[in-house]
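See below for the structure under consideration.
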Amino acid sequence: MTIPAHEYDPEKARSLMNEVSERSGQNLSACYQCRRCAAGCPVGEETGYVTPDRLIRMIALGDRRAALENELVWRCVSCYTCGTRCPNDIQTARITETLKKMAKEAHLEPLRPKIADFHSSFLESGVRWGRVNEMEFMGIYEMKGALKNMKRKDFKAIAEELKTQTDFGLTMLKHKRMHMGLLMSKGRKEIQKLQKKAKKQRGK
Amino acid sequence: MDIAYYPGCSLKSSSAIYDVQNQRVFEALGIHLKEIPDWNCCGATSAGKVDDFLAIAMPARNLGIAEATGLGEMIIPCSACYSRTLVAQCQLEKNPELKETINAELSKKISGKIKISSILEVLLSAVESGMVAQQAQKKLKGLKPACYYGCMQTRFPFKVPVPDNVENPQGMEKVLKAIGIQSLDWSYKTDCCGASSAVNDEDAADALMARIMKDAVARGANCFVVTCPMCQFNLDSQQNRFGPKHGIRERLPVFFITEILGLAMGMGVEELQIDRHLTDSTKLLKELKLI
């Protein structure tokens, strides 16, 4: 799972620890491995051996690869239970949120591409129009998934997803929960300008 | 009383019924919701996972617009929008440099401080003033609700002043008590429904929703009452998916708190649009002779 003790490099470990602490706004070195976070994690059964305390330990050991590529980083639902219960006020969900971004910057293929595609499609729609359009962003999300399945020649998955989404869409229509018009805010220009400015600053 | 109102995207699309209900119920309580002009998406949980800067900048623009209305308080009924806006406000206060960077591009700049309130905070003040008891006089006998809060009413990614008990909030119970409804005591009121993982990680979300549902059923609940549109949508739309998978035969209506209040105020099913739920909700109301 993670690096053996004799490969531990204090310099590397410190730099990873500092990077994650700074970007997440959390003091990771305060963790004393009491595991209250692990006890409360609602997706604990889905994430295998990786619990929030172990994720912090991977970072403390400087194991960048293990910290960036594991089920918890991707399947964390950001419910913030771990952070609420931490006696040392570490919001571990902020760490998984930070590691997702670091994985993307390191050009690593997301362990759960559907989850990555969902959040990027959602935010892109919000920035593009100023408001999120459910039909549009779900369409783009589904297209991204279909393209990945196409590359794998997994036509069964494409057909299944199409059927699931069509059935769901029809139920939504029947109960008048589907919105057809386009939501827009003129303020999207200000948001887009801010996004550009922040990107430029980060690039420096 | 006038109060600024941020509906957010879902109240203008899949949860448009909640927008309508908020307008009607608060109007009846003498609270006029003034939708802030040209608001934008708050970024929701996705911004926190994709772009930390936008996670603050998007709600920041709305804060500037809200302040420009001159009103002292803004109600945000959607839990995610409420959480993101409150967090952005607190983060900006702590970080003047970031505030300056964002303000530079905003036509309505953030300067002062407008109080950001959840729907429960505003409802609780209406309970205290006696308006709820005065306006909602119809007794809704037979409802045994499990009040479900989900994550974002009491747990936040950064430190903010939390308006209720984090692990055992009581806001919804207090509001329902004011109209004579006794809610059930149960264990999963602040557990996560899975939110967007209902779409992108189905098995994980189904397991979460099944746990919530099983406890509610075991305690004898005949409905859920919620304030969050995401929780409402997930529990309302996915019962036929996670139910069979996890051996749950029961189906429970998932009411917005505004629906219960509206009914107690004498409003009808169509007026409140309760007939637009994906899990049938009018059957129970008919059985209990409430409609």
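Where a number appears in this text, it was derived from the coordinates with a stated rule and is not lab data. Note that this is a predicted model, so its numbers are computed, not measured. Every residue, glycine as well, gets a Cβ built from its backbone with ideal geometry; the counts of neighbours run over all protein chains shown.
Modelled this way, with points 7 Å down the Cα-to-C-beta line, the labels at residue A:202 and residue B:23 are 3.8 nm from one another.
Listed from fewest to most Cβ neighbours within 10 Å, the set A:34, B:147, B:41 follows the order A:34, B:147, B:41. Computed from the C-beta positions of residue B:217 and residue B:133 and an R0 of 30 Å, the FRET efficiency is 0.45 to the nearest 0.05.
Length gained on full extension, residue B:34 to residue B:94, computed as 0.36 nm times the residue gap minus the Cα-Cα distance: 18.8 nm.
Between residue A:7 and residue A:160, the FRET efficiency estimated from the beta carbon spacing at R0 = 30 angstrom works out to 0.10.
Can you list the lysines whose alpha carbon is less than 19 Å from that of residue A:186, not counting same-chain residues fewer than 8 positions off? Within the straight-line cut-off, residue A:186 pairs with A:196, A:197, B:12, B:34, B:108, B:109. Ordered by the count of other Cβ atoms within 10 Å of each Cβ, fewest first, A:202, A:75 give A:202, A:75.
Rounded, prolate or oblate: which fits the range B:137-287 when a ≥ b ≥ c are the square roots of the eigenvalues of the alpha-carbon gyration tensor, with rounded for a/c under 1.5 and prolate only if a/b beats b/c?
Numbers: a/c = 1.64, a/b = 1.15, b/c = 1.43.
In terms of gyration-tensor shape, oblate.
What's the longest piece of chain B with no exposed GluC sites (Glu not before Pro), counting a site as exposed if DSSP puts it in a loop and it has at most 16 other beta carbons within 10 Å? In chain B, the maximal stretch lacking such sites is B:1-166.
Would you list A:167, B:206, B:19 from fewest to most Cβ contacts within 10 Å?
On the way: A:167 10, B:206 20, B:19 23.
Lowest to highest Cβ neighbour count: A:167, B:206, B:19.
Put a dot 7 Å past the Cα of residue B:249, heading toward its Cβ, do the same for residue A:18, and the two dots end up 6.3 nm apart. Stretching the chain fully between residue A:180 and residue A:30 yields a gain of 49.1 nm (0.36 nm per residue, less the alpha carbon separation). Shielding value for B:56-63 is 4, the average number of Cβ atoms from other chains within 10 Å of each residue's Cβ.
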